[in-house]
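Since the structure comes first, as structure tokens, the remarks are kept for the end.
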Amino acid sequence: MNIPKIMKGVELIGHGGPDMLRYREDIVVPTPKSYEVLVQVLAAGVNNTDINTRTAWYSKGNNDSEDASWSGKALELPLIQGADVCGIIVAVGEQVNPKRIGERVLIEPSLQFVNGEPLENPWYFGSECNGGFAQFTLVSEQHAYPIQTSLTATELATFPCSYSTAENMLTRANVTDKDTVLVTGASGGVGSAAVQLAKARGAKVIAQTSESKMELLRSIGADEVVERSADLGHQLGKNSVDVVIDLVAGPQWPILLEVLKPKGRYAVSGAIGGAMVELDVRTLYLKDLSLFGCTVLEPQVFANLVKRIEQGAIKPLVAEVFPLQQINQAQHAFEQKSHVGKIVLEIPQ
């Protein structure tokens, strides 16, 4: 294709409200370095990380750019966010096989390489480097995974961040077909992904969600659904589940360890209910529990996810679609938490 010199995109220009997102039509199209590919972005999903980075939620200090990223690396503003990307490779660096041009790809959001060089501390796509809220983006070729499927670009953009996060949690917790798995926040992007991916492993899945979303969770494979405010200790019983996949944390957190069986496994990758929790260390050691914090993807996770997509073992859940120019409306809809699945931005072509 004839690659233009400038492109349309959205830049984060500072920390704060939606006014910190600036839509532009004069951003310079980047040029791939030796081991990079240039991807024409077709669709990009909306994530918690986009909003958390904008509001400096990750910062533990003065809410500035110095530690407001996933890795603690200072953010370089203006920044093009967007971790969930489906697109087509349209140009490659000199060390990349030119036969890759034309491949439809998903971008792995947890970056271990930049321009082919391994990173000491992994970056997150759209956080420590520019992401997919623009017509074109760059990534080291190792993180651009070709995919063969009849799914649309919009459907594929629901997978990279949420489903790889969920698959990573299940991998770290070593979920098998012998396990009963409790998923909190099950109607969100990662939660609904975890329900499907745990079922794909043959596990029994209990999904926790609001009453209005229970039937949809059953329709994607949940064996049992419990209401968000339910007393889990009473409804499920103590020592009743093998694995907890937690995306909520917050005040209910102590009961999550109570419902775990001895030698149970707890994996967490979100805290939408509140980041500060109360831990009775006696529960942790007397039950021989294992706790896993999950951010950086294990090496096999994204390749396994692509295989499951190609096999049709998991299905995309598109909640709503917005044009890129309406990113503020998309993020507002995301924050309302009334959707199930993913909100996706279509990128102008």
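The values are calculated or read from the model by the stated rules, or taken from the named source; none is laboratory data. Note that the coordinates shown come from a computational prediction; the quantities given were computed from them, not determined experimentally. For neighbour counting, all protein chains shown are included, and Cβ atoms are generated from backbone atoms with ideal geometry for every residue, glycine included. Heads up: the accessible areas ignore ligands, DNA and RNA and are worked out on the full protein's heavy atoms, side chains in. Shrake-Rupley method; radii C 1.70, N 1.55, O 1.52, S 1.80 Å.
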Checklist entry - Looking at the chain, what % of the alpha carbon pairs are farther apart than 31 Å? => result 32 percent
Item to check | Set of lysines with alpha-carbon distance to Lys337 below 18 Å, sequence-local pairs under 8 removed | outcome: Lys213
Next on the checklist: Let me check something: with ligands and nucleic acids excluded, how do Trp253, Trp123 order by accessible area (1.4 Å probe), largest to smallest?
Outcome noted: Trp123, Trp253
Item to check | Normalised per residue, the volume of the convex hull around the Cα set of the stretch 185-245 (Å³) | outcome: 73 Å³
Checklist entry - Mind checking the angle between helix 160-172 and the chain's longest principal axis? C-alpha axes, 0 to 90 degrees, to the nearest 10. => result 40 degrees
Item to check | In the stretch 167-229, trypsin sites (Lys or Arg not before Pro) in a DSSP loop with at most 15 other beta-carbon atoms within 10 Å | outcome: Lys178
Item to check | Helix-derived mean residue ellipticity, 222 nm - over the chain, DSSP H n ≥ 4, -39500 (n - 2.57), to 500 | outcome: -6000 deg cm²/dmol
Checklist entry - For helix 189-200, what angle does its Cα long axis make with the longest principal axis of the chain, in degrees from 0 to 90 and rounded to 10? => result 70 degrees
Item to check | Relative contact order (%) - criterion: Cα under 8 Å, at least six apart; region: the stretch 118-266 | outcome: 19 percent
Item to check | Cα-Cα separations in the stretch 224-331 greater than 19 Å, expressed as whole percent | outcome: 61 percent
Checklist entry - Which is the longest run of the chain containing none of the GluC sites (Glu not before Pro) found in DSSP loop states (not H, G, I, E, B) with at most 10 other C-beta atoms within 10 Å? => result 95-277
Checklist entry - If you take every DSSP beta bridge whose two residues both sit in the chain, what share of them, in percent to the nearest 5, is antiparallel? => result 55 percent
Next on the checklist: For a test of the definition: using alpha carbon positions, the gyration tensor, and the 1.5 limit on a/c, classify the stretch 122-169 as rounded, prolate or oblate.
Outcome noted: oblate
Item to check | Set of aspartates and glutamates near Lys342 by C-alpha distance (under 15 Å), chain-local residues within fewer than 8 positions excluded | outcome: Asp50, Asp84, Glu155, Glu320
Next on the checklist: How far apart, in nanometres, would the label points at Leu286 and Ser338 be if each is projected 7 angstrom from Cα along the Cα-to-Cβ direction?
Outcome noted: 4.5 nm
Checklist outcome for this item: Taking Cα atoms only, helix 327-336 is inclined relative to the longest principal axis of the chain by an angle, in degrees rounded to 10, of 0 degrees
Checklist outcome for this item: Taking Cα pairs closer than 8 Å and at least 6 residues apart, the relative contact order of the chain in percent is 17 percent
Checklist entry - Across 5 Å bins from the origin, how do the percents of Cα pairs in the stretch 143-235 run, short distances first? => result 3, 14, 23, 21, 19, 12, 5, 2, 1, 0
Item to check | Per-selection Kirkwood Rh - the stretch 273-336 (Cα, Å, 1 d.p.) | outcome: 16.7 Å
Checklist entry - For Lys5, which aspartates and glutamates qualify as cross-link partners when the Cα separation must be under 13 Å and same-chain residues fewer than eight apart are set aside? => result Glu25, Asp26
